[in-house]
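Before any comments, here is the structure.
The values are calculated or read from the model by the stated rules, or taken from the named source; none is laboratory data. Note that the coordinates shown come from a computational prediction; the quantities given were computed from them, not determined experimentally. Backbone-built Cβ (ideal geometry, glycine too); neighbour counts: all protein chains shown.
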Amino acid sequence: MATFTKANADHLRNTLQEAVVKCSERCLYQSAKWVAELSVSLPMLPSASSSFDADTDSQMQDVDPPPISPAFHFANNDPEEARLEAQELSRYLLAKSYFDCREYDRCAAVFIPSALPRGPLSPTSPNSQSRTSTKAGKRIGKDSGVITEVESEPPSNALPKLSQRALFLALYSKYMSGEKRKDEESEMILGPVDGSTVNKELVGITRSLEGWFTDREARGLSGSNQGWLEYLYGIVLAKGKTEEDAKRWLIRSVHLFPFNWGAWLELSELLNNVEELQKIVPELPRNLMTLIFHLYASQELYQSTDPIHKELDELDNIFPDSQFLKTQRALLYYHSKDYDEAETIFSALLHADPHRIDSLDFYSNILYVMSARPKLAFLAQIATATDKFRPETCCVVGNYYSLKSEHEKAVMYFRRALTLDRNFLSAWTLMGHEYVEMKNTHAAIESYRRAVDVNQKDYRAWYGLGQTYEVLEMHLYALFYYQRAASLRPYDPKMWQAVGSCYDKVDRPVQSIKAYKRALVAGTYYDQGSSFGSGTTAGEPAGVLDPETLYQIALMFEKLNQLDDAASYMEMTLAQEEGPEEDDDDEAEGRGIGVTTTTSKARMWLARWEFKRGAHVRAMELANELCQDGVEVEEAKALIRDMRARMESGRSPS
Amino acid sequence: MSRYLTPTKIGLLALISLYTESVVPSAATIPVLSFLISQVLPVNSVTSRNDDLLRSRDIALTLDDFQKATINHISGIPGRTVWDLLLNKLWKINSFDALHVFFDTLSLLLQKTPEQLQNEAEGGADTDSNPNRMLLSRTSPLGAFVRRARLEFTRLQFHYGLTLGKSFVPYRAPSLPQWKKRNQTAGNTSFDVNLQQDHLDLGDRLTEVAYGELETGALQVAGVSTEDVKKLLEYQVDQMQRMGSRLPQAMKMKLRDMIESGVTIPSLSHYVSFLDSWKAGDYPSSFDNLHRYFDYTMHNRDRTFYQYALLNLAILHQDFGCYSEAVVAIQETISTARENNDMVCLNYSLSWLYHFGKAHPEEIHEVRKKGVLGTDREALAFLKAKAKETSMWTLLSTSLLSEAKLSLSHGDGVAQAFESILKASHLNVTKNVVNAIGSQMSMQSSVFGRLGVNCQAWVYGELFLQCYASSSPVEDVVHCIGKSAFLLSQKGRYEDALARMEEIEEETLQILRYSQYWTSSLGLLKFQRHLHRDNLTAAEHVLSQLRAPLNPSQDLQFNVSMLEMDLLIRRGDYSKAMEMLEELATKFNEEEADTYQRVKLMTLKAQIYEKSGLPQKGFSVALRAASLAHRARLLPALWEAVGRVSAVLISLKEFSAAVKLLESIMPQVLECEDCNLSAQTFALLADAHVGMAGQAKAETLQRKEQLTKALERIERSFDEFSRIEDVRGQCEMMAKKATIMHLNGDPVLANDCAAKYLDIKRAAKDQL
């Protein structure tokens, strides 16, 4: 991106600013915030800085705004839309102020006075008419005044003639009011009705949009769609679990208006793995936002690979001050377990903008893993000082209490976070962890389950589910969840170890060995393949295989009665004491792990095995080593005694 | 603001943990411990009743106080004082997490509970790193304090804990220079290790977000917790209720500051303002505050508190003169207290009702009829029994005193009264009922006054003022001062009396009732003085002022009437005086008046008859008065009545009988130290002697002797009159002297006396 010039920057800035206004016109606050942050993070090129204010003015002048438009208004380029917008301006302003006051129903009623049908959304695709729909089943009859129950008829547009902006605002506020009601009906976190409530406005919105889109298509106007309604339709479809359609509509939306970050977010949430991401990439528009999206989605899918970092570098050139991008980088480091690096980035971010609470929960996770209690307390202090009723803040505080092993308090704060935002993923997962600590497995399972429901990509929740079921001794269940976790984090040895041990428990040693071998490979992958400085797992010296895994593999072979293989793995376990051979010349680095319980166990096993094989000398040697190391001395001595006796008795008859 | 924990408490905890680490050498143990204990003990425990302790106990200690308490003690570590170690401990709390750690480690200071010990035995491990540490018993004052602090900290929500941490930072900040001396690395930001690590300075934005209020000093007041404020308010209420005083102005300001600083206001503060406005005589706002207090208190103590509200209401009504409402309220109180089985409240309200009935007999008729209390004696017996049952010693003591008073006013034996008083006194001493001692001593003093042993009465008054004034209700003090001023004025020491009146503290006079009492007493003194100086116009002015207050006490009212009659007599308006007297007498006959007052009235009646030249008419009255006074052992009144009887005798020319009578009472009269009484008795004696001289033959030795005796008595009487500055009496005596001189045929001396008479008259006029 060396060709990124001042003119480009100016143009981009203008576009972004326009996007901010458009988002906030539609009350998409978070998207507006995101775009605004992005636009500010563009570098201030010398000549641009002086004329920054003038720029916006000139922009407004050339587009010839309608006389009554307020300062933030960018006129629509579509004359028909512009005419409609001008007509309904006062109503629009009324509706927007209602929305700002969170009076969603009232806001919707400004443009769509009649009620839309309500009820839970059925998981059918509304615009694939070939499928027979079963909508009638659960619909609440008295509300369906607008659309009568016609099964086979193509949906008709019952909406009044409105500009797309007004229509979006009206339907969006309906959606919001449904969400609000849904939250209210959910009552207590993990209460009896929590999680089983639905947004009852979805049906009405779906129908209306469906009708509107077919109508537009029929009139050949679909070319002048602005993308916002598509975005809303995508959300609604995603809620109705028709994900493929949702993806399609969201992609359509980002084609029409790429600067709506909300649409990208929804899209990335629909992607469950890297393959799906690869699949949709060609369908995406070729622009800056797609780059950012790709980066974000990859991060969400834990792809902390070199190409992704390169992508990030490129974007960083364009937006040198973007906190969003910095956060992404920190998260990438976090996924690759490079906590120090991630911590440094987050710390810098915090210093630059102390009032920023976004994604501080990740920061607190990092500090948690690093056991940096003072720092975590300080972070909690800062977050609390800014806003103590943000889910992120509650998570930070909860993490702090968790680190102090005050699990009840931690749960209290996680619950608070969830009361503030039921879709707050990390709180669900973390609460699950706390419940595990408190030995409340049922609550833990439910929490994890909710986390997974919110976001299927959260490997920690999967892993947690597996652990909980392991505690309950339901290994087949646990195996399933561990596999999910492992598929999300194929290069995390911990996942594979868990899978391996589960296979062992359900008596499938062959698979277990495979899983353990994967774990070994994954372990070495991070050690050698990781290109980011000193990123090593769990502080082990580089080039060492995990002796525990080796030992387990050996035990599995023993189970399979392949004693030779078992013995060779045992030898490998022992070898880890000294470290890899190539490090012999370099003493300072790559020393072995020394004598541990695991290696001692392996040694014991080997001693017995050798003893059984009759290789008494070797067995004696090993047993003596054991006595020297001071581990399992008694057993070793017993073995030695036994051996002596045998050797004596073996010698005397000979 | 936190509920309990404050920076001060953190400091105390640090010092406690220092103490347990055995680094405080034995020489310093006692000072350090007593410093800690003075802060840690609850206010209302017995030992902290000690005044010195209370005074030294600040609600919020500053770091300076800690420094003063610890800097002089060398610690167990060479070269360091205890203060240095304390500083080290305090500055180690260099982040919010460190604060948590600090509180977590507090548990190590305590002895383990059996369960913990068991757990440890099972789980092994968790041994203390410091073998020198002494463990605090869980129930010791320090242990309880540590436990409470830990509990409160655990209960704190995160951001409240944060507020505590933040308020601790400016609290500790003044000691930074000293800390720097010991620790070179300390800097401006060493209050938080995170800031120090990241090399941030005070002006940094992050610092501002984290410790935003540091610069502005808005956190200064956060040094007190709700608990502290509550304690403070409890102390105020206690003081106000025990002493009956008002909130000092300075304290009021302080309280307002504290409450404005965003405390969760304990509802007690409404009670304090109720008491304050009540004492200030602000009827509507005291009502308002009382109701507010009970509205806020209802929800956590529910209806059991209702009777106290009613009791307060009754007292309030009575104070503002709404007697019928007061009766209704107290009756309701009694029935609610009975319902709820609240013996304390029931006894208290019964006793209150009894006293109320004594003060306002006319209001209580209805209640009497219903037989809530029965007769006075029964009521007292009941109260005594109840008080003993529930061991309410104050009530028992006051009931005993009331019994003494009752028996005195009924004219029963003095011995009985003394018995009751002694019982009360014994009770006060053995049960340490400090605030009842005042009423007991004043009772004793008034009994002695009745017996005519005024010096004893005076001594008791002085004793009380010297020893118990500070720990007794202000009301008792005010009354005692009034009484002793009256005694002084009787001896003619007007200036001393006025000075005594001025001794009352200004704070006391902020309370309406006391200031009314005070002004009336002062007015009485002045009234009397003006009368004696024959300054009748001035006296009349004072009188009109004395009549102004709406509801003076009965005693005062009586005294005013007596003096008013005296004024009328001095004016020579005997018929009007008589009229007034009759009016009073009929009123007294209707109610049960005090014997003392009735005797006084009767004597005065005899005196009026005497003055109007009909002494024989007063004979029966005077005799009745004398016998009544004799029965009730009202000795000064008895002597006065006897004087009146002898005046009748003189008028009947029974001089020798009069002399005999008068001479027999003379010693006791002198004992009374009442100048007016002795002057009049001397004058009567002189008259009798002159009469006897008249009966003797002229030029006989007998006549001479009688005349000399008469002159002597006149001289004495003159002295007494001049002591109380009674111009008329002085003149009368001078005139009599001149006459006798003239009779003796000594015109020069007679002339001298006449001249002196004129001088006195002139001097009195000049003084006007």
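The table that follows gives values for the structure above.
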read-out	value
First in the stretch A:212-238 and within 18 Å of A:Glu81 (Cβ to Cβ), second anywhere and acidic (Asp, Glu) and surrounded by fewer than 23 Cβ atoms within 10 Å (Cβ to Cβ), Cβ under 6 Å, 6 or more apart	A:Ser224/A:Asp78
B:Gln318 vs. criteria modelled with pLDDT of 75 or more, touching a Cys at 6+ places or on another chain (Cβ under 6 Å) and within 28 Å of B:Lys358 (Cα to Cα)	no
Residues within the stretch B:457-488 that are under 25 Å from B:Asp238 (Cα atoms) and acidic (Asp, Glu), tallied	2
Top-ranked residue of the stretch B:286-304 - restricted to ones that are closer than 22 Å to B:Leu350 by Cβ and either surrounded by fewer than 17 Cβ atoms within 10 Å (Cβ to Cβ) or hydroxyl-bearing (Ser, Thr, Tyr) (or both), ranked as modelled with the highest pLDDT	B:Thr304
Near pairs, Cβ below 6 angstrom, 6+ apart or cross-chain, from the stretch A:398-409 (more than 10 Å from chain B (Cβ to nearest Cβ)) to any residue that is part of a helix (DSSP H, G or I) and surrounded by fewer than 24 Cβ atoms within 10 Å (Cβ to Cβ)	A:Asn399/A:Tyr368; A:His407/A:Glu437
Cβ pairs under 7 Å, 6+ apart, first in the stretch A:334-353 and away from chain B (no Cβ under 12 Å), second of a type in the set (Lys, Arg) and not in a loop (DSSP other than H, G, I, E, B)	A:Ile345/A:Lys326; A:Ile345/A:Arg329
Elements of type helices (runs of 4 or more DSSP H) contained in the stretch B:565-661, each with 3 or more residues being over 42 Å from the mean Cα position of the chain (by Cα)	B:595-611, B:635-651
Check on B:Ala698, more than 24 Å from B:Lys491 (Cα to Cα), exposed (fewer than 15 other Cβ atoms within 10 Å of the Cβ) and either over 44 Å from the mean Cα position of the chain (by Cα) or among the polar types (S, T, N, Q) (or both)	yes
Flag if A:Thr327 is polar (S, T, N, Q), without any contact (Cβ under 8 Å) to a residue 40 or more places away in the chain, closer than 29 Å to A:Pro307 by Cα and more than 13 Å from chain B (Cβ to nearest Cβ)	yes
Filtered residue count, the stretch A:363-397, keeping only those that are at the interface with chain B (Cβ under 7 Å from one of its Cβ atoms) and not in a helix (DSSP H, G or I)	1
Test result for A:Leu360, within 14 Å of chain B (Cβ to nearest Cβ) and surrounded by 20 or more Cβ atoms within 10 Å (Cβ to Cβ)	yes
Among (1) under 25 Å from B:Phe102 (Cβ atoms); (2) within 14 Å of another protein chain (Cβ to nearest Cβ) - the single one A:Glu437 does not satisfy	(2)
Enumeration of residues in the stretch B:447-482 that are surrounded by fewer than 20 Cβ atoms within 10 Å (Cβ to Cβ) and within 16 Å of B:Ser553 (Cβ to Cβ)	B:Pro473, B:Glu475
Single residue of the stretch B:161-170 satisfying the filter (more than 10 Å from chain A (Cβ to nearest Cβ) and over 13 Å from B:Leu12 (Cα atoms)) that is surrounded by the most Cβ atoms within 10 Å (Cβ to Cβ)	B:Leu164
Among (1) out of contact with any Ser or Thr (no Cβ under 7 Å at 6 or more places or on another chain); (2) within 29 Å of A:Ala19 (Cβ to Cβ); (3) at pLDDT 80 or above - the single one A:Glu201 does not satisfy	(1)
Output for the stretch B:20-41, where each listed residue is farther than 12 Å from B:Ala69 by Cα and either free of Cβ contacts under 8 Å to residues at least 12 places away in the same chain or among the hydroxyl-bearing types (Ser, Thr, Tyr) (or both)	B:Thr20, B:Ser22, B:Ser26
Set B:Glu152, B:Glu208: member being within 24 Å of A:Cys394 (Cβ to Cβ), within 14 Å of chain A (Cβ to nearest Cβ) and out of contact with any helix residue (DSSP H, G or I) (no Cβ under 6 Å at 6 or more places or on another chain)	B:Glu208
Residue in the stretch B:141-151 that is assigned to a helix (DSSP H, G or I), within 20 Å of A:Phe378 (Cα to Cα) and modelled with pLDDT of 80 or more present	no
Checking B:Trp91 against (1) crowded, with 18+ Cβ neighbours inside 10 Å; (2) within 14 Å of chain A (Cβ to nearest Cβ), the condition it does not meet	(2)
Conditions (1) out of contact with any Leu (no Cβ under 6 Å at 6 or more places or on another chain); (2) at pLDDT 80 or above; (3) within 14 Å of another protein chain (Cβ to nearest Cβ); number of the one not met by B:Asn194	(2)
Some residue of the stretch B:559-578 being at positive phi and not hydrophobic (A, V, I, L, M, F, W, C)	yes
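Conditions tested, residue by residue: (1) surrounded by 15 or more Cβ atoms within 10 Å (Cβ to Cβ); (2) of a type in the set (Lys, Arg); (3) more than 30 Å from B:Ala632 (Cβ to Cβ); (4) in the same structural domain as B:Lys279 (by TED's automatic domain parsing).
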residue: B:Ala326; (1), (2), (3), (4): yes, no, yes, yes
residue: B:Glu362; (1), (2), (3), (4): no, no, no, yes
residue: B:Leu383; (1), (2), (3), (4): yes, no, no, no
residue: B:Ser399; (1), (2), (3), (4): yes, no, no, no
residue: B:Ser409; (1), (2), (3), (4): yes, no, no, no
residue: B:Gly413; (1), (2), (3), (4): no, no, no, no
residue: B:Ser420; (1), (2), (3), (4): yes, no, no, no
